[in-house]
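Before any comments, here is the structure.
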Amino acid sequence: MKNRIIVLLLLLISGSIFTGLSFDEMTQNESLDLPTIMRLIYADIQIINEGIYTENFQLIEQGAAAINEHPPLSNETRSLVKKTLGDRMQAFGQYDKLVHDTADSLKEAATEHNMERVLENYQIIQQGCVSCHASFRNEITRARLSSN
């Protein structure tokens with residue numbers, strides 16, 4: 001497990017070097033596009049998964065905290081999503097809030113070493129992500145690709 005974490009950290013460091021980003025820049029909450037944020041959250045989910053399967057509550061806490069610490073959407077991306085979804089933007093925001101609020105609860109459950117609550121909250125996060133993707137992903141992706 002330690003080797004996997006080391007490899008992941010090395011990949012992150014090398015990725016930040018190749019893209020010209022530094023950890024300092026990432027911690028300044030620089031805004032990002034939606035696909036980049038989704039990839040960051042996916043990495044956070046993988047950390048949580050590993051924590052659950054290895055009963056490593058520290059990893060679960062780390063992944064849950066990172067979900068809420070990702071940079072905000074760029075103004076360009078936010079405008080594209082609002083324009084694409086129109087009146088349904090509120091539902092998109094509700095999914096986002098559900099995932100973020102539940103990530104807080106997941107972190108708290110991990111801090112308390114309460115695996116039952118960890119799993120309950122993790123399932124809510126998964127369902128929130130899948131429901132949001134099923135509702136909006138294709139439409140937003142088409143809009144994003146046609147705007148480029």
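Among the residues of the range 72-119, those that are surrounded by 14 or more Cβ atoms within 10 Å (Cβ to Cβ) and either in contact with a strand residue (DSSP E or B) (Cβ under 9 Å, 6 or more places away or on another chain) or not assigned by TED's automatic domain parsing to the domain that holds residue 55 (or both) comprise 73, 74, 77, 81.
If you go through the range 127-148 and pick out every residue that is touching a residue at least 40 places away in the same chain (Cβ under 8 Å) and surrounded by 14 or more Cβ atoms within 10 Å (Cβ to Cβ), you end up with 7. Of all residues in the range 65-77, those being within 9 Å of the chain's Cα centre (by Cα) and of a type in the set (A, V, I, L, M) number 2.
The values are calculated or read from the model by the stated rules, or taken from the named source; none is laboratory data. Just so it is clear, the model here is predicted, and its values are computed rather than measured. Reconstructed Cβ throughout: ideal geometry from the backbone, glycine too, with neighbour counts over all protein chains shown.
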